[in-house]
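Below: the structure, in C-alpha cells.
The values are calculated or read from the model by the stated rules, or taken from the named source; none is laboratory data. None of these values were measured; they are calculated from a predicted model. Neighbour counts are summed over all protein chains in view; Cβ atoms, including those assigned to glycine, are modelled from backbone coordinates with ideal geometry.
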Amino acid sequence: MEEIPNKSHVLVLPFPVQGHINPMIQFSKRLASKGSIKVTLITIDSISKSMPMLEYGSIKIHSIPSNDSPPESYDHFLEWFRSLVCKTLTTIVETLSDTDHEYPVKVIVFDSITTWAIDLAHELGLKGAAFFTQSCALSVIYYHMDPERTEVCYDGCGNVCLPSLPLLEKQDLPSFVSQSYLYPSLSKLVFSRNVNFKKADWLLFNSFDVLEKEVIDWLRTQCRIKTIGPIIPSMYLDTRLKDDKEYGLSLFKPNSETCMKWLDLREIGSVVYVSFGSLASLGEQQMEELAFGLLMTDCYFLWVVRATEENKLPKEFMSKAKEKCLIVNWCPQLDVLAHRAVGCFFTHCGWNSTLEALSLGVPMVAMPQWSDQPTNAKFICDVWQTGVRVKAGENGVITREEVARSIRQVMEEEKGVTLKENASKWKQLAKEAVDDGGSSDKNIEEFLKFVMH
Ligand code: UDP
C-alpha cells in the first residue's frame, strides 16, 4: 500500500518591516513549493494592505486586526507588536488547526528579533525556528561581543579579532557595537537575539555556505544552523519556481515603468544605480556632496530618493542633473539590478541589497550607514571583492570628490573589471546554492523533514 505522507502547517511570523518581510515571504514560497505543507504568513493590517494579493499559491496571509494604529517609535512599536501577537496567537493556532485537521500546525518560523516568540511557540506545544535576516558574520560578532557574556576582545589599536572573521576595524563593526550609546534599546535588542542560540529548535540564515564559509564552519561547531539563502525570487536565480518574479510586498510604490523605460534607452553598463534602502536617511550636507559627486562622473544614474528625503536634494541640482539622472521615490530594485544598462550599485549595503547584488552579479560602491551595513561593506570589499568603499573625511562626511573617485574606480578603471569578474563568480555560486541539490536547497528539504515530524 502506498505510504501517505505526513502533512503539516507552518506559521511564519516576520518582524513587520520591508527588509525582514521580503526574505521571509521568499522562504515561505520555497518551503511551500516542496509540497505536503501549508504556510500561513502572519502579519499586521498596515502591512497586509500593501500586499496586492492575500494568497500566493499555497501561502495564505493572516492579518491580525488591531484597534489602534502602530506606534511610530521603534521602542513602542516593538512592545506593541509583541503584545498584539501574544494576545492573539493562541486563537490563531487553534482556529487554523480546527479548520484543517489534515494539516496540523507544528512549527512557527519567527524573526530572530522577536525573541519572545520561541517561548510562545513552546507554550503552544509547537517547535520554533528562528530566522535571521542578516549575515552569519553578524551573528558571530554579536555572539562574541555580548556584554552579558564576554569581556571583549579589542587589540591595542581598537580593532577586533574574533574566530573565523577577518580583523575588524572600528569602521567595520555594526553600529550597535561601535556606537551602542546612540541606540541603547536597539543595541540591547540585537544582543538579546543570542538567546535563540540556546532556545530555538532551528536556526535559519539567509546566506549560503560558500559565501561565508569560515564563519559558517565556525558557527556550526556551536549550534545547529541552516543556511537557506539567498532568498530572492526564483526568476532571478534558478528559475525553478514558476511565476516567482517578485517579493510580493512593497511598502513604497515603485515607479516601475518609468525606471525600465529610462534604463532601456541606456547603453550596457553605463548606469550607476543609487539607493540607501527603506530606512537610512542622509544628512543634508551628505546629500549635497553625494548629488554633486554623482554629477562629477560621466555616468548616467538612477537614484532612489524616498519621498521623505526629497526635501534634502540641493535646489540647483535638479536642473543640472536633468540630462544624466532619473530620480524616483522607489524602484523595482531586482529588475533594475538585472538590467544590462546597470554597471554599478552605489549602496548602503543592507543585507538584502547586498545579497541581491551578489546574486545578480553587480559590482558595488559601498556607503554603509548603520546597523549591519559597515560589516557587510567590509565583506563586499575585502572578502568577496565585488566592490569598493567610500572613505569618510574627518568630519565623517564623504566628499563629492570621493564619491566620484569611487564610482570611476568601478565604472572606468582596471579594478572595475576584476570586481565585475568576481561579481559574476558569486552570481553563479548563488544560483548553485538554491538550485536543485545545492546547499541551501538541501537545507530547506531537511527543514521540511523536521516540520513533518
Ligand atoms: N528595494 C526596492 N526598491 C527600492 C529600494 C529597495 O525594492 O527602491 C528593496 C530591495 O530590493 C531590498 C529591500 O528593499 O529587498 C531593502 O532591504 P535592505 O536589507 O537592503 O535594506 P533596508 O531597507 O532593510 O535598510
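Within the stretch 216-233, track down each residue that is touching a strand residue (DSSP E or B) at 6+ places or on another chain (Cβ under 9 Å) and in a loop (DSSP other than H, G, I, E, B).
Kept after step one, since they are touching a strand residue (DSSP E or B) at 6+ places or on another chain (Cβ under 9 Å), are these residues of the stretch 216-233: 216, 219, 223-229.
Result: Cys223, Arg224, Ile228, Gly229.
Of all the listed residues (Lys431, Lys391, Lys415, Lys378), the sole one being within 24 Å of Ile231 (Cβ to Cβ) and surrounded by fewer than 19 Cβ atoms within 10 Å (Cβ to Cβ) is Lys431. Would you mention how many residues in the stretch 87-101 are closer than 17 Å to Ile59 by Cβ and exposed (fewer than 13 other Cβ atoms within 10 Å of the Cβ)? Final tally of qualifying residues: 1. Among the residues that make up the stretch 375-391, is at least one of them over 16 Å from the mean Cα position of the chain (by Cα), part of a loop (DSSP other than H, G, I, E, B) and closer than 16 Å to Glu289 by Cβ? So far as the stretch 375-391 goes, yes, one or more of its residues are over 16 Å from the mean Cα position of the chain (by Cα), part of a loop (DSSP other than H, G, I, E, B) and closer than 16 Å to Glu289 by Cβ. Looking at Leu279 and the list (1) hydrophobic (A, V, I, L, M, F, W, C); (2) at pLDDT 95 or above; (3) within 15 Å of the ligand (Cβ to nearest atom), which single condition is not satisfied? The single condition Leu279 does not satisfy is (2). Checked against the criteria, Gly229 counts as within 15 Å of the ligand (Cβ to nearest atom), closer than 18 Å to Asn376 by Cβ, of a type in the set (Gly, Ala, Ser) and in contact (Cβ under 8 Å) with a residue 40 or more places away in the chain. Across the stretch 292-311, the qualifying residues are those that are part of a loop (DSSP other than H, G, I, E, B) and over 21 Å from the mean Cα position of the chain (by Cα), and the one among them that is surrounded by the most Cβ atoms within 10 Å (Cβ to Cβ) is Cys299.
Could you grab me the full set of residues in the stretch 235-254 that are of a type in the set (Ser, Thr, Tyr) and either more than 16 Å from the ligand (Cβ to nearest atom) or modelled with pLDDT of 95 or more (or both)? If you could, list the steps in order and put the result at the bottom.
Step one: list which residues in the stretch 235-254 are of a type in the set (Ser, Thr, Tyr), which gives 236, 239, 247, 250.
Matches in the stretch 235-254: Tyr236, Thr239.
Looking at the stretch 255-276, which of the residues that are within 16 Å of the ligand (Cβ to nearest atom) and small (Gly, Ala, Ser) is surrounded by the fewest Cβ atoms within 10 Å (Cβ to Cβ)? If we take residues in the stretch 255-276 being within 16 Å of the ligand (Cβ to nearest atom) and small (Gly, Ala, Ser), then Ser256 is surrounded by the fewest Cβ atoms within 10 Å (Cβ to Cβ). Scanning the stretch 120-160 for residues that are buried (at least 23 other Cβ atoms within 10 Å of the Cβ) and touching a Lys or Arg at 6+ places or on another chain (Cβ under 9 Å) returns Ala121, Ala129, Ala130, Phe132, Ala137, Ser139. In the set Glu402, Glu394, Glu432, only one residue is assigned to a helix (DSSP H, G or I), over 24 Å from Ala137 (Cα atoms), more than 16 Å from the ligand (Cβ to nearest atom) and of a type outside the set (A, V, I, L, M, F, W, C); that residue is Glu402. With respect to Asn6, is the statement that it is modelled with pLDDT under 90, outside any helix (DSSP H, G or I) and within 21 Å of Leu96 (Cα to Cα) true? Here the answer is yes, as Asn6 does meet what is asked.
Scoring Gly35 on the criteria (1) assigned to a loop (DSSP other than H, G, I, E, B); (2) within 18 Å of the chain's Cα centre (by Cα); (3) modelled with pLDDT under 90 leaves a single failure, condition (2). When the residues of the stretch 361-370 are narrowed to those that are within 12 Å of the ligand (Cβ to nearest atom) and surrounded by fewer than 24 Cβ atoms within 10 Å (Cβ to Cβ), which ends up nearest to Ala392 (Cα to Cα)? Here the answer is Gln369.
Residue-wise test of (1) modelled with pLDDT of 90 or more; (2) within 21 Å of the chain's Cα centre (by Cα).
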position	(1), (2)
Asp68	no, no
Tyr74	no, yes
Phe81	yes, yes
Thr88	yes, no
Val93	yes, no
Pro104	yes, no
Ile113	yes, yes
His122	yes, no
Ala129	yes, yes
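Whenever a residue of the stretch 68-85 is under 15 Å from Ser185 (Cα atoms), it has no partner that is in a helix (DSSP H, G or I) and of a type in the set (D, E, K, R) lying with C-beta atoms less than 9 angstrom away and at least six residues away or across chains.
Looking only at residues in the stretch 305-356 that are at pLDDT 95 or above and among the acidic types (Asp, Glu), the one that is nearest to the ligand (Cβ to nearest atom) is Glu356.
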